[in-house]
Amino acid sequence: MSDNQPTLAEFEAWDADAEADAIGEVAQRSHVRHIIKNGEYWALTPDGNTYKLPIDLSVDDFKRLSDADSDAESIDGIISIITAFAGKEQAKKLAAQPVTVVAYLLQDYAAILAKIQGADLGK
């Protein structure tokens, strides 16, 4: 967090364009890259850590992610899967990430699983 407190002029000048730019900057800093290798989803977070997740997700794990009522439940689900699949140390590292990074990883992972399901069904 920055100690650089905004001025009243900055608040008065704040508009939809300024907000869109600021959100874009935060999103860029939170961007997670991925590859699929040896049947596993590998994510690279902005701080250089890598996390692996299964492509062949169990039905229970899939339900845990898709039935989550909140972002917190989704994040708990992804951390639980990483703990089971990659170990406690990886889960501990992920839990220390900014929530925007973990949310992006979760969103990206879910999108990849959806693409794979579509490909498996011939779509």
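Nothing in this text is a laboratory measurement; each read-out follows from the coordinates by a stated rule. None of these values were measured; they are calculated from a predicted model. Backbone-built Cβ (ideal geometry, glycine too); neighbour counts: all protein chains shown.
Panel order for Thr7, Thr83, Thr45, by other beta carbons found within 10 Å of each beta carbon, from fewest to most: Thr7, Thr83, Thr45. Longer than 18 Å from Cα to Cα, which of Lys52/Lys93; Lys37/Lys115; Lys37/Lys93 are they? Say none if no pair is. Result: Lys37/Lys93 exceed 18 Å. Here r is the Cβ-Cβ distance between Ala95 and Lys52 and R0 is 22 Å; the resulting FRET efficiency, rounded to 0.05, is 0.85. Which FRET efficiency value, to the nearest 0.05, is calculated for Gln28 and Gln5 with the Förster distance at 25 angstrom and r the Cβ-Cβ distance? Computed FRET efficiency for Gln28 and Gln5: 0.60. What the phi angles of the stretch 86-91 give under the Karplus curve with 6.51, -1.76 and 1.60, with θ = phi - 60°, is a coupling list of 10, x, 5, 5, 5, 5 Hz, glycine and proline written as x.
If packing is taken as the average count of other Cβ atoms within 10 Å, what order do 11-20, 97-106 fall into, highest mean first? All intermediate terms of the calculation are to be shown ahead of the outcome.
Working: 11-20: 9.2, 97-106: 18.4.
Listed from highest to lowest mean packing, they are 97-106, 11-20.
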